[in-house]
Amino acid sequence: MPPSSRSPTPITADTVRSIADEVGFDLVAFGPADPGEHGAHFLRWLEAGRHGEMRYLEANRERALDPPRWRAGVRSAIALAVDYGSPGVALPGGGRVARYAGGRDYHRWLRQRVFALRERLEAAGVPHGSMNGGTDAVPVLERALAVRAGIGFLAKSAMVISPTHGPYLQLAELLTGLDLPPDDPATGSCGTCTACLDACPTGAIVAPFEVDARRCISYTTIELRGAVPEPLRAAQGEWLFGCDICLEVCPFTRRSPRRNLAGIDRPPELRPHRIVETWTLVDVLAMSPERYEAEFTGTAMRRATRSGLRRNAAVVLGNRADDAAVPALVAALDDGDPVVRSHSAWALGRIDARHPALAAARQREPDATVRAEIERAMERA
């Protein structure tokens, strides 16, 4: 029989698992392409407004609830995960960054792995163009697909916990028209543990499996534009970008094989970005647009925008109450960004509410909202 007329070799589940392992995924599992019962929870969460300003979730809800609207003909989800556990990420002199954002931008390298898996499967015989997927920026409920496929179980923090790798998981997915045999649900559960609820400094985990993003430090330091609500600033603590608290206190964290690996012992894409190794909070607060564009490349921290990062740096400097930060905060009172001015005034008020720079700034401040922030900072005296 001529080679061109041979029937393609059927793609087996073992083939998919083998290729996924070769392109760098730590976990792979198969499940339904739709979120199932998790979809109703998602709708209730949206209707309660707990997504805050993340309007893209509202705009894409129909496709997230019914993936064939996004990719016609899908039958199965190939759920994928990479363990990004690490000892923790901090800037020199203070200021913490969520572990997942400490290395290269996961949107890039994880998406590349998904595409590499797709290309390898197409080369093995899966019809070209019959699969689609990615990570984070695609209109699917990633955690729901991961739980339904057996990557892990749903935690009370609303995260996904792998019984073998713990909660530090970067999730991705590939939706396919293949009929892949679904995996069993992951073993384990949170049981009676409430460590994440007890540890959340802002009370964002309002009940088991229920998170109000509007109170979550990951939301307020990344997704929120404009001012961080004043009652949440002190609770932000040291967090410049994101937050790991609900994961750090989880007993399953010890399952992460990479939790103690640092520096060159980590995979290249998970090694610290130069920003977290060389920049200080004062550097972030004072950074110019040119420096932001030149140096904040290849990092997920760009998601917070230059304004948001500088705002966050001011809040952390205020929480640290370090006198050495005063000159930078005083200079920021004349910044062109009102958000930076207002949060710098708040921070300076935490360190020295009687500083003459506050009174001088109040006199020249053209923005009524910022001026009110300065006056509240002065009242702390």
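The values are calculated or read from the model by the stated rules, or taken from the named source; none is laboratory data. Predicted model, so just to flag it, every value in this text is computed and none were measured. Here the Cβ is made from the backbone with ideal geometry for all residues, glycine too, and neighbour counts use every protein chain on show.
Remark: PRO92 falls outside the filter, which requires a residue to be under 20 Å from the mean Cα position of the chain (by Cα), in a loop (DSSP other than H, G, I, E, B) and farther than 29 Å from GLY31 by Cα.
Anything in the range 281-307 that is over 21 Å from the mean Cα position of the chain (by Cα), in a loop (DSSP other than H, G, I, E, B) and either of a type in the set (S, T, N, Q) or more than 18 Å from ALA332 (Cβ to Cβ) (or both)? List them, or say none. Hit for the range 281-307 is SER288, nothing else. For the range 330-368, filtering for residues that are of a type in the set (D, E, K, R), assigned to a helix (DSSP H, G or I) and touching a residue at least 12 places away in the same chain (Cβ under 8 Å) leaves 3.
THR164 satisfies every condition listed in (1) touching a strand residue (DSSP E or B) at 6+ places or on another chain (Cβ under 9 Å); (2) of a type in the set (S, T, N, Q); (3) without any contact (Cβ under 8 Å) to a residue 40 or more places away in the chain except (3). Of all residues in the range 73-89, those satisfying the criterion of being part of a strand (DSSP E or B) and over 12 Å from VAL140 (Cα atoms) are SER76, ILE78, LEU80, ALA81, VAL82, ASP83, VAL89. Tallying residues that are under 24 Å from ILE222 (Cβ atoms) and either in a helix (DSSP H, G or I) or outside the structural domain of ALA137 (by TED's automatic domain parsing) (or both) within the range 40-72 yields 15. Just the residues that are part of a loop (DSSP other than H, G, I, E, B) and among the small types (Gly, Ala, Ser), please, taken from the range 103-157. Result: GLY103, ALA124, GLY125, GLY129, SER130, ALA137, GLY150, GLY152, ALA155, SER157.
Counting the residues of the range 80-137 that are touching a helix residue (DSSP H, G or I) at 6+ places or on another chain (Cβ under 7 Å), more than 18 Å from ALA33 (Cβ to Cβ) and of a type in the set (D, E, K, R) gives 3. Suppose we keep only residues that are in a loop (DSSP other than H, G, I, E, B), within 23 Å of the chain's Cα centre (by Cα) and among the β-branched types (Val, Ile, Thr) within the range 175-215. Which one would you say is nearest to ALA48 (Cα to Cα)? Among those that are in a loop (DSSP other than H, G, I, E, B), within 23 Å of the chain's Cα centre (by Cα) and among the β-branched types (Val, Ile, Thr), it is THR202.
Scanning the range 289-309 for residues that are basic (Lys, Arg) and farther than 17 Å from THR278 by Cβ yields a count of 2.
Here GLY318 meets each of (1) of a type in the set (Gly, Ala, Ser); (2) over 25 Å from ALA347 (Cβ atoms); (3) at pLDDT 95 or above with one exception, condition (2). Pairs linking a residue in the range 309-327 that is part of a helix (DSSP H, G or I) to a residue that is surrounded by fewer than 24 Cβ atoms within 10 Å (Cβ to Cβ) and polar (S, T, N, Q), with Cβ atoms under 8 Å and 6 or more positions apart or on different chains, are ASN312/GLN236; VAL315/GLN236; VAL316/GLN236; ASN319/GLN236.
Of the residues that make up the range 175-194, is at least one free of Cβ contacts under 8 Å to residues at least 40 places away in the same chain and touching a Leu at 6+ places or on another chain (Cβ under 7 Å)? Within the range 175-194 (the criterion being free of Cβ contacts under 8 Å to residues at least 40 places away in the same chain and touching a Leu at 6+ places or on another chain (Cβ under 7 Å)), the answer is no, since none of the residues qualifies. Residue-level check: of (1) more than 23 Å from PRO182 (Cβ to Cβ); (2) over 16 Å from the mean Cα position of the chain (by Cα); (3) not hydrophobic (A, V, I, L, M, F, W, C), PRO68 misses just (1). For the residues LEU247, LEU285, LEU281, the requirement of being closer than 27 Å to ALA137 by Cβ and among the aliphatic types (A, V, I, L, M) singles out LEU247. Among the residues of the range 250-280, those that are surrounded by fewer than 18 Cβ atoms within 10 Å (Cβ to Cβ) and hydrophobic (A, V, I, L, M, F, W, C) comprise LEU261, ALA262, ILE264. For the range 106-121, the tally of residues that are in contact (Cβ under 8 Å) with a residue 40 or more places away in the chain and either β-branched (Val, Ile, Thr) or out of contact with any strand residue (DSSP E or B) (no Cβ under 8 Å at 6 or more places or on another chain) (or both) stands at 6.
Taken together, the residues in the range 214-256 that are over 26 Å from PRO92 (Cβ atoms), touching a Leu at 6+ places or on another chain (Cβ under 9 Å) and in contact (Cβ under 8 Å) with a residue 60 or more places away in the chain amount to 1.
When you check ALA124 against the structure, is it crowded, with 21+ Cβ neighbours inside 10 Å, touching a residue at least 60 places away in the same chain (Cβ under 8 Å) and of a type in the set (A, V, I, L, M, F, W, C), yes or no? No, not satisfied. Condition check: more than 29 Å from MET301 (Cβ to Cβ), surrounded by fewer than 23 Cβ atoms within 10 Å (Cβ to Cβ) and at pLDDT 95 or above. Does GLY150 satisfy that? Here the answer is yes, as GLY150 does meet what is asked.
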